Structure formats: structure tokens, C-alpha cells
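Down below is the structure, laid out as C-alpha cells.
The values are calculated or read from the model by the stated rules, or taken from the named source; none is laboratory data. Source: prediction; values computed, not measured. Don't worry about glycine lacking a Cβ; one is built from the backbone with ideal geometry, like all the others, and counts go over all protein chains shown. When the accessible area is computed, the model is the full protein with side chains, heavy atoms only, and any ligands, DNA or RNA have been set aside. Shrake-Rupley method; radii C 1.70, N 1.55, O 1.52, S 1.80 Å.
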Amino acid sequence: MCGIVGYVGDRNAVPVLLQGLKKLEYRGYDSAGVAVYSETDGEVVVCKAKGRVENLENKLYDHPVKGRLGIGHTRWATHGVPSDVNAHPHFSSSGEVAVVHNGIIENYMEIKEILQSKGYEFVSETDTETVAQLIEYYYNDCGDITDAVFRALEKIDGSYALGIICRDFPDRMIAAKKNGPLIVGLGEGENFIASDMTAILKYTRNTYVLEDDEVAVIYKDDVKIFNLDRQEISKEVYVVNWSIEAAEKSGYDHFMLKEIFEQPKVVSDNLNHRFKADGTGVYLDGIKLDREVLKSINKIYVVACGTAYYAGLVGKFLIEKIVRIPVNSDVASEFRYKDPLIDENTLVLAISQSGETADTLEAVRLAKRRGAKVLAIVNVVGSTIAREAGDVLYTMAGPEISVASTKAFSAQVTAMFLLTLHIAMESGRMSLEEFREIKHEMELLPSHINAILSQAPIVKRFMEKYIDSKNVFYIGRGLDYIVCREGSLKLKEIAYLHSEPYAAGELKHGPIALIEPSTLVIGVATQQELFTKTLSNIKEVKARGARVLMIAMEGSTETKEFADDYIFIPRTHPILTPLLANIPQQLFAYYMAVGLGNDVDKPRNLAKSVTVE
Ligand code: AGP
């Protein structure tokens, strides 16, 4: 939601903070700011700017600040419009305490009113300013910043990752976490805090991943971690294995394009070592989902948000079709409030790239409270969902920076294939022959994706032809319909185009009224047994003047005959097509967004990980 970075050491903190904020900009980009302790002034100096980190950088160029302790923030507004004054860091009234915050303080109005009655004046509309003021209030009473932070945390309800510095304690920063990601980066003679690893990867790979209700006091040569009872605790150092290149654009115009082109490797990494050497099944990182456990499960539930949810729907479709276990599905924001029918005989699959999405996390917690078995399918190692779920299957897509999820979806779908095969084999629902056939086809997927990616210039030409579209329909049946939902989401998200995904057979029950000459309809028709049905729906929209772009299986002569334009995907096993059919959609959304002049990697109003409700 927002990005936090902090530094204490011997370097000038400002460039470290700015570089970190640029890496974190995908988390929020409506304003940014830094607070740095200036030794010359003996003050904490704040610089903030509405808009991108670049604006902040320009401001700092005109009004340079220097210091060896600082905190920075890039914001995605929750309380108060994006503006210089609402940007973080926030100061306490006397300028003693500066705070950056990711999350929502739910009882901030109550605290604000109490502080106002004691004479504190507030300048912003944010919940975060209340935290700075509350810490100062306790600091004035006790004279110790760490004590003041603990006392403030006792009063705060809500979610937070906090970075705090204090004018009287220029040798340290304090970090606290509850329901928002925060790590402490461990350097030599310098230490860091960050919302995620990408911000500090240039300096260190050694981290402490803070858990909820932990407070870290960070000096340049030492880090002390406490629980909320103020007892010091010891933590294991987690060493991150990402390369710096993984978090760079590496010559691509956008992270999204780079991530689209990384998909052959991502799929291949997810398949490596996942098939048992004797060819009789799937190995899932020691996850306990064997015959005995499966016997106790009578229902599976898929919960996730956005793109991750659509990956989950692929899993639902396949498990029901092949294993014949009922699979329910809900977006996590509905699941958590609907009193879902789950118990100890339910397996909940929680899917999340970031592992920090607030709704999915709460769904996991609810499922656990009800005794369900929870398997998280997560990309970010050590994230909250990964830590809280009973079991975790990592998707190994590497860092996904672009807000629009692409390679993480492919990794999640691959995980769904593997999970389906695993459950099918363990429960005796699939013959060895069929398993081996699918396994063989899965191993060809990376080269099939490469073949589709080589058609990127063709997709770019489609963009030039269809750039004037105002409404786009995506239609398909079965697995193709799920692919349509993901394709439509991507187009909305980055091209800002209105689009509707529809089950092709449902179109005639109302939405066909919206089809008019020149409406673009993207038809996905990769399922042989449904092809003629989908084709007849395509003929219906063509008859009403629509322009039709089809995604179909290689060599389909009818596609050539009826579509205005088409892109073929290589032939594969019918259950595997979602992975392939989605790639041209990603490219189409990408080129449309570029063609329309949009900021592809940081689309308006969105943030990469949604850590608030
Ligand atoms: C995808 O392009 C979106 N940015 C969004 O729908 C995303 O998939 C969703 O917010 C879930 O995020 P997660 O996978 O990190 O939980």
C-alpha cells in the first residue's frame, strides 16, 4: 500500500532513502517524503512532495538535506487527498518525532480528539500524524523514546508498519509492525528498514523479518528486537537469494514487459524438481497432502483477490473436473464476512503474490480459527500469509514489480496444475498414463510460451488497429472464460479501458445489447470440445458488426475464416491452455496501455500490495 525505507549508518541517508523509495514506488505513488536528522542543525528536517519520488528528488536538489539517520515514505492515500501536507513523514507538534506509516490506525479520531483537548494542533488529514503526536505526548512524560513508542502502541488499534525517528536520539530509528510488512536490513556499520527487500537489496541480503507485535530499535551497529511486553527476543537472520538484476528493468521499457518475457523461466523454475524421479507423481515441497490427509477433506475452498483469484479459479475448475471434489471459491473480501461453510474437513487454498493482501490474510486467519487446513500459494518468501498458513507452496516467480500481475499469475496457474495432479494421483483419480501425458505436455510449456512471445510484434500491430476501442468484450467458455476474466482485468487496470469478460453462452441473455458496429470482442476458444459453441457466439457478435480478435489453437481454419484477427497458441493438453492463452492477452493489455500513453508499471489509483481493506 505504502512503501517505507529507513537508514542509520555513516553514509548520507538521503540518496539511500531516494533509491529505496524508487524501488518501492510500485507500492504507492501519490506522494513521497523523507525525514533526516541534520547534524548541523540538530533538527529533524522533512522534505515532502506530491506525486512521484522524482518530484521529491527535484525538491531535495533545490533544498539539499544531509544526515546519517533518516526515514522515507511513498504513499498510496487512505486518509486525506494526495498533497504535500498529507504526505509522510509526519511530525509531532514540536518537531521532536517523525513517523512514516503503512496501514490504517482505526481509532485515530478518538486519539486525535484527546490530544487536541490537550492543546496538540494537527496540520494534516491523516491517521499517521496522530501516531507522531501520541509518541511525543508520552515522550514529554517519560523522556525515553523507546518507552514512548511502546506506550503509544498500547493505545493504537489497526494495522501498521511504522518507522520512527526522534530529534533527541539521533543514533537510532524505531520500527514496529502489526499487519503490514516490514523488514530490518542488516549491514556492516549500517542498518535499514524497508517494506520489502527490493529497497535495500543494493546494500544487504541479510534481514530480520519482523512479526506482528514486534518492535525493533535499530542503531548503526546493533539491532534489538522486543515483543510488546518489552522483552528482548532473538530472531534468525533471513538471507534473501534474489539477484539485483531481478529487481531491475534490464533494458526493457517497463517492468511489466520484462516480467511477461520472464515467464518461460518462471514456469520452468516452478516445474523443476516438482515431478517425482520415478515419474509417478508430484513432489510439493513436503506439503502434507497425502492419501490419509485427503481422505479427511470433503471440500476445498479457493480464496484470493484479483489476478490471484483467477489463478485459483483455474485450480477450482481442474480439481472439480479431474478429482471430483467440490471446490467453492470466493474473493477474500467476501469470504471473510460471509460466515463461510468451512470446518476441519475443509482445505482452504489461499493464493497471493505478495503474501500481504489484507483481505486474503484475514480469510486465512478465519479459516484457521474454524479448524480448516490452509495451504497458501505465495510468491514472497517469508510474507505474512506464508508464515501464518499451515502449509505454503512458494511460486518462485522472483520479485514482481509491475503493479499488473503477469508472471506471478503464470506461476500460480502452474502451481494449480501441480496441485491438481498431486491430489488426483494421491486420491487415485488419475491413471499413470494420463499423468505422464500431462507431465510431458507441462514440460513443453516454457517453449510454447516462448513461441507465443515471439509473436509480440503481431500483438503490437493489433494495438495499432484497435487503439480506438472504447468497450472491449472478452468471451469464452469453461477454462477460456476464466482466462477472459484475467485478460479483461489486465486491460482495465493498465489501459483504463472499460471491458467485460463474459461466459460466451451468457452473452445473449443481455449484454449482447451492448454490441454495436466496431465494438471489439476478444474471443478465447482453446477448448476443442467447446469450440463450435464459442464460435457460434462469435458469429452472433460479428453479425452485429463487432470486430473480433480471437485466441485459438494453432491451425484452426475456422478461426482464420471468422475472426478479423487472430493469434494462435501451440497445441497442448486442454487443461493447460489457460497458461498459454493468457500470454497474448497480457501483451495486448501492455501494448494498449503504452499506445494510450499510460504509466504501465504504476497505473492510476492502484498499488501493488493492498494491505488495507
Ligand atoms: C493484478 O494485476 C492486480 N494488481 C491485483 O488484482 C492483484 O492480483 C491482487 O491485488 C492480489 O494481490 P496478491 O496476489 O498480492 O494477493
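Check K235, K224 and return the single one that is at pLDDT 90 or above, part of a strand (DSSP E or B), outside the structural domain of V380 (by TED's automatic domain parsing) and surrounded by fewer than 16 Cβ atoms within 10 Å (Cβ to Cβ).
On the way: K235 fails: part of a strand (DSSP E or B).
Testing whether each residue is at pLDDT 90 or above, part of a strand (DSSP E or B), outside the structural domain of V380 (by TED's automatic domain parsing) and surrounded by fewer than 16 Cβ atoms within 10 Å (Cβ to Cβ) leaves just K224.
Can you pull out every residue in the range 375-394 that is in contact with an Asp or Glu (Cβ under 9 Å, 6 or more places away or on another chain), open to solvent by 10 Å² or more (accessible area, probe 1.4 Å) and among the aliphatic types (A, V, I, L, M)?
Listed by number, the residues that qualify are V380, V392.
With the structure loaded, tell me whether N107 is over 23 Å from M173 (Cα atoms) and surrounded by fewer than 23 Cβ atoms within 10 Å (Cβ to Cβ) or whether it fails that test. Step through it out loud before you land on a result.
Numbers: over 23 Å from M173 (Cα atoms): yes; surrounded by fewer than 23 Cβ atoms within 10 Å (Cβ to Cβ): yes.
Spelling it out, N107 is indeed over 23 Å from M173 (Cα atoms) and surrounded by fewer than 23 Cβ atoms within 10 Å (Cβ to Cβ).
I want to confirm something. Restricting to the range 103-125 and keeping residues that are assigned to a loop (DSSP other than H, G, I, E, B) and out of contact with any Lys or Arg (no Cβ under 9 Å at 6 or more places or on another chain), which single residue is farthest from V44 (Cα to Cα)?
The qualifying residue farthest from V44 (Cα to Cα) is E106.
Is there a residue being in contact (Cβ under 8 Å) with a residue 40 or more places away in the chain, within 18 Å of V331 (Cβ to Cβ) and away from the ligand (no atom under 15 Å from the Cβ) anywhere in the range 362-371?
Yes, because at least one residue in the range 362-371 is in contact (Cβ under 8 Å) with a residue 40 or more places away in the chain, within 18 Å of V331 (Cβ to Cβ) and away from the ligand (no atom under 15 Å from the Cβ).
Looking at the range 334-360, I want the residues that are acidic (D, E) and have a partner that is within 13 Å of the ligand (Cβ to nearest atom) with Cβ atoms under 6 Å, at least 6 apart or on another chain. Which pairs are those?
Here the result reads E356/P181; E356/S383; E356/T384; E356/S609; E356/T611; D359/C305; D359/A332; D359/S333, each pair linking the range 334-360 to a residue that is within 13 Å of the ligand (Cβ to nearest atom).
Mind telling me which of the residues V240, V209, V184 ends up being among the aliphatic types (A, V, I, L, M), closer than 27 Å to L162 by Cα, in contact with a Phe, Trp or Tyr (Cβ under 6 Å, 6 or more places away or on another chain) and open to solvent by less than 20 Å² (accessible area, probe 1.4 Å)?
None of the others qualify; the one that does is V184.
Just to be sure, is K439 within 15 Å of the ligand (Cβ to nearest atom) and modelled with pLDDT of 95 or more?
On the way: within 15 Å of the ligand (Cβ to nearest atom): no; modelled with pLDDT of 95 or more: yes.
The answer is no for K439.
Would you point out the residue of the range 272-296, among those that are closer than 21 Å to S352 by Cβ and in contact (Cβ under 8 Å) with a residue 60 or more places away in the chain, that is farthest from the ligand (Cβ to nearest atom)?
Step one: filter the range 272-296 for residues closer than 21 Å to S352 by Cβ, giving 274, 284-289.
Subsequent filtering for residues that are in contact (Cβ under 8 Å) with a residue 60 or more places away in the chain retains 274, 284-285, 287-289.
Numbers: R274: 21, L284: 19, D285: 19, I287: 19, K288: 24, L289: 22 Å.
The extreme case among them is K288.
Can you name the residue in the range 469-495 that is open to solvent by 10 Å² or more (accessible area, probe 1.4 Å) and over 25 Å from the mean Cα position of the chain (by Cα) and is also farthest from C305 (Cα to Cα) among such residues? If you could, list the steps in order and put the result at the bottom.
So in the range 469-495, the residues open to solvent by 10 Å² or more (accessible area, probe 1.4 Å) come out as 470-471, 477-478, 481-482, 485, 489, 492-493.
Within this subset, residues satisfying the condition of being over 25 Å from the mean Cα position of the chain (by Cα) are 470-471, 477-478.
Working: K470: 26, N471: 24, R477: 22, G478: 20 Å.
Across the range 469-495, the extreme among qualifying residues is K470.
Could you list, in sequence order, all residues of the range 567-613 that are more than 16 Å from the ligand (Cβ to nearest atom), farther than 30 Å from T420 by Cβ and assigned to a loop (DSSP other than H, G, I, E, B)?
L596, G597
Mind listing just one residue for me: the one in the range 368-395 that is in a loop (DSSP other than H, G, I, E, B), more than 12 Å from the chain's Cα centre (by Cα) and modelled with pLDDT under 90 and, of those, nearest to I244 (Cα to Cα)? Working first, answer last.
Within the range 368-395, the first condition is being in a loop (DSSP other than H, G, I, E, B), and the residues that meet it are 370-372, 379-383, 389-390, 395.
This time we only want the ones that are more than 12 Å from the chain's Cα centre (by Cα), so: 370-372, 381-382, 389-390, 395.
Imposing the further condition that a residue be modelled with pLDDT under 90 reduces the set to 381-382, 390.
Working: V381: 16, G382: 19, G390: 31 Å.
Of everything passing the filter in the range 368-395, V381 is nearest to I244 (Cα to Cα).
Within the range 145-161, can one find any residue that is in a strand (DSSP E or B), assigned by TED's automatic domain parsing to the domain that holds V36 and open to solvent by 30 Å² or more (accessible area, probe 1.4 Å)?
Within the range 145-161, not a single residue is in a strand (DSSP E or B), assigned by TED's automatic domain parsing to the domain that holds V36 and open to solvent by 30 Å² or more (accessible area, probe 1.4 Å).
Can you tell me which residue among A404, A397, A424, A415 is within 11 Å of the ligand (Cβ to nearest atom), assigned by TED's automatic domain parsing to the domain that holds G281 and either open to solvent by 30 Å² or more (accessible area, probe 1.4 Å) or closer than 23 Å to F275 by Cα (or both)? First the steps, then the outcome.
Working: A404 fails: either open to solvent by 30 Å² or more (accessible area, probe 1.4 Å) or closer than 23 Å to F275 by Cα (or both); A424 fails: within 11 Å of the ligand (Cβ to nearest atom); A415 fails: within 11 Å of the ligand (Cβ to nearest atom).
Only one candidate qualifies: A397.
When residues of the range 61-91 are filtered for being open to solvent by less than 20 Å² (accessible area, probe 1.4 Å) and either over 29 Å from V610 (Cβ atoms) or among the charged types (D, E, K, R) (or both), how many remain?
Residues in the range 61-91 being open to solvent by less than 20 Å² (accessible area, probe 1.4 Å) and either over 29 Å from V610 (Cβ atoms) or among the charged types (D, E, K, R) (or both): 3 in total.
Out of everything in the range 564-593 that is out of contact with any Asp or Glu (no Cβ under 8 Å at 6 or more places or on another chain) and open to solvent by 10 Å² or more (accessible area, probe 1.4 Å), what residue ends up being farthest from R461 (Cα to Cα)?
I575
Give the range 515-552 a look and list any residue that's over 35 Å from the mean Cα position of the chain (by Cα) and part of a strand (DSSP E or B), or say none.
none
Can you tell me which of (1) open to solvent by 20 Å² or more (accessible area, probe 1.4 Å); (2) modelled with pLDDT of 95 or more; (3) polar (S, T, N, Q); (4) more than 14 Å from the ligand (Cβ to nearest atom) is the one Q353 doesn't meet?
Evaluating Q353 over (1) open to solvent by 20 Å² or more (accessible area, probe 1.4 Å); (2) modelled with pLDDT of 95 or more; (3) polar (S, T, N, Q); (4) more than 14 Å from the ligand (Cβ to nearest atom) leaves (4) as the failure.
Find all pairs meeting these conditions: Cβ atoms under 7 angstrom apart; at least six residues apart or on different chains; first residue within the range 150-171 and at positive phi; second residue among the charged types (D, E, K, R) and assigned to a loop (DSSP other than H, G, I, E, B).
That search, which allows pairs on different chains as well, returns G158/E106.
Collect the residues in the range 48-88 that are in a loop (DSSP other than H, G, I, E, B) and in contact with a His (Cβ under 6 Å, 6 or more places away or on another chain), keeping them in residue-number order.
Passing the criteria: only H88.
So, in the range 1-17, exactly how many residues are under 18 Å from S354 (Cα atoms) and either modelled with pLDDT under 95 or assigned to a loop (DSSP other than H, G, I, E, B) (or both)?
Residues flagged as under 18 Å from S354 (Cα atoms) and either modelled with pLDDT under 95 or assigned to a loop (DSSP other than H, G, I, E, B) (or both) within the range 1-17 amount to 3.
Name the single residue, out of those in the range 496-511 being open to solvent by 50 Å² or more (accessible area, probe 1.4 Å) and closer than 17 Å to L596 by Cα, that is farthest from the ligand (Cβ to nearest atom).
Going through the qualifying residues, I end up with H498.
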